[in-house]
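The next block holds one structure in the form of structure tokens; read it before the comments.
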Amino acid sequence: MIDAMKAYVRVVDKLNRWIGRIVMYGIFVMMGILLWSSISKTFLLPSLWTLEMAQFAMVAYYILGGPYAIQMGSNVRMDLLYGEWSDRRKAQVDAITVLFLITYLVFLFWGGWDSLMYSFQYGGERSPTAWRPYLWPIKTIMVVGISLMLLQAVSELFKDILRLNGHDMGPKDVDETRLSAGEDHAA
């Protein structure tokens, strides 16, 4: 069982790290869309698609980058007590709190899946805006992103269980994680 957990953690962490490192450049896509929006509104005929496309790009950036953020420990945490706890105590608390995250993500996935199926079932649901894009592409991205977050949350649970059983899963602290991955603090 321990070896299966370690293998799961390795595969999911590698997948989400790879996706996260690619998706992080989505900020440039959003900047390009918003730059075009500003130029077209100032000098040309305003484009109908820019605001909604920027929103879709932001959703993709946020949802697909979420698993990587969970993996890197980039989430916001109240450090009033947590910072003073031992690694074992941190793993105990994290193992409990990640169960709440997993529960939330299961319900979020369920709702996202139903919404995606609705979009396909009724001949391609469209946005009620003037541009009227199909919504299934962004809903698909949302379901994929939620799935990846769910996989990463289970990976974090497995890491905490392995830590509690005395198996070294690498540093828990984000700064140590970035250093071991060879990343710069400014990144």
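Please treat every number below as a calculation from the coordinates, not as lab data. Please read all numbers here as calculations on a predicted model, not as lab measurements. Backbone-built Cβ (ideal geometry, glycine too); neighbour counts: all protein chains shown.
Seen against the Cα atoms of the chain and their longest principal axis, helix 50-72 is set at about 10 degrees.
How much length, in nm to one decimal, is gained on full extension between residue 126 and residue 59, taken as 0.36 nm per residue of separation minus their Cα-Cα distance?
Contour length minus the Cα-Cα distance gives 22.4 nm.
Shown in residue order for segment 82-95 are the 3J(HN,Hα) couplings computed by the Karplus curve 6.51 cos²θ - 1.76 cosθ + 1.60 at θ = phi - 60°: 4, x, 8, 6, 6, 4, 5, 5, 4, 5, 5, 5, 4, 5 Hz (x for Gly and Pro). With contacts taken as Cα pairs under 8 Å and at least 6 residues apart, the chain reaches a relative contact order of 30 percent. A simple count of charges around residue 139, restricted to other residues whose Cβ falls under 15 Å of its Cβ and scoring Lys, Arg +1 and Asp, Glu -1, yields -2. Residue exposure proxy: 139, 159, ordered by other Cβ atoms within 10 angstrom of their Cβ from fewest to most, comes out as 139, 159.
A simple charge model with +1 on the Cβ of Lys and Arg, -1 on the Cβ of Asp and Glu and nothing else charged puts the dipole of the chain at about 400 debye relative to its Cα centre.
Here 25, 61, 82 are placed in order of increasing Cβ neighbour count within 10 Å, fewest first, which gives 25, 82, 61. Compared with the dominant Cα axis of the chain, that is its longest principal axis, helix 2-23 is turned about 30°. Helix 26-43 and the longest principal axis of the Cα set of the chain meet at an angle near 20°. Here residue 80 and residue 29 are evaluated by their C-beta separation; at R0 = 45 Å the FRET efficiency comes out at 0.75.
Calculated from the structure at hand, mean projected area of the Cα convex hull in nm² is found among [x] 10.7; [y] 14.1; [z] 13.6 as [z].
Taking 0.36 nm per residue of sequence separation and subtracting the Cα-Cα distance, how much length would be gained by fully extending the chain between residue 43 and residue 107, in nm to one decimal? Intermediate results must be reported in sequence, preceding the final value.
Values: separation 64, 0.36 × 64 = 23.04 nm, distance 4.57 nm.
Gain in length upon complete extension: 18.5 nm.
By the count of other C-beta atoms within 10 Å, a proxy for reagent exposure, 116, 48 are ordered fewest to most as 48, 116. Considering lysine pairs in the chain that are 8 or more places apart or on different chains, how many have Cα atoms under 25 Å apart? Taking the chain as the scope, the lysine pair count is 11.
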